[in-house]
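Inspection log for the structure reproduced underneath, given as structure tokens.
The values are calculated or read from the model by the stated rules, or taken from the named source; none is laboratory data. Since we're looking at a predicted model, the values are computed, not measured. Glycine gets a Cβ as well: all are built from the backbone with ideal geometry, and neighbour counts include every protein chain shown.
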């Protein structure tokens with residue numbers, strides 16, 4: 001009985017580790033950046049990036065949100 005329960009616990013823990021290792025976050029931040037804002041179009045996102053260059057510098061980029069193709073994320077440097 002003890003071995004059966006221990007085996008089930010080990011199998012459950014192993015499956016959780018596998019799921020955790022393969023699951024990726026929806027929008028992982030590139031190193032040294034953070035998501036500043038969300039926009040409805042690429043043009044709107046780019047305009048916001050250009051407007052805030054005095055705050056975060058000239059390095060910024062817009063990326064389509066993986067699970068929502070109608071949302072663009074403005075990534076800026078720290």
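Below is a table of values for the structure above.
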item	result
Unmet criterion (only one of (1) at pLDDT 95 or above; (2) touching a helix residue (DSSP H, G or I) at 6+ places or on another chain (Cβ under 6 Å)) for residue 77	(1)
Residue tally, condition out of contact with any strand residue (DSSP E or B) (no Cβ under 8 Å at 6 or more places or on another chain) and modelled with pLDDT of 90 or more, over region 24-54	5
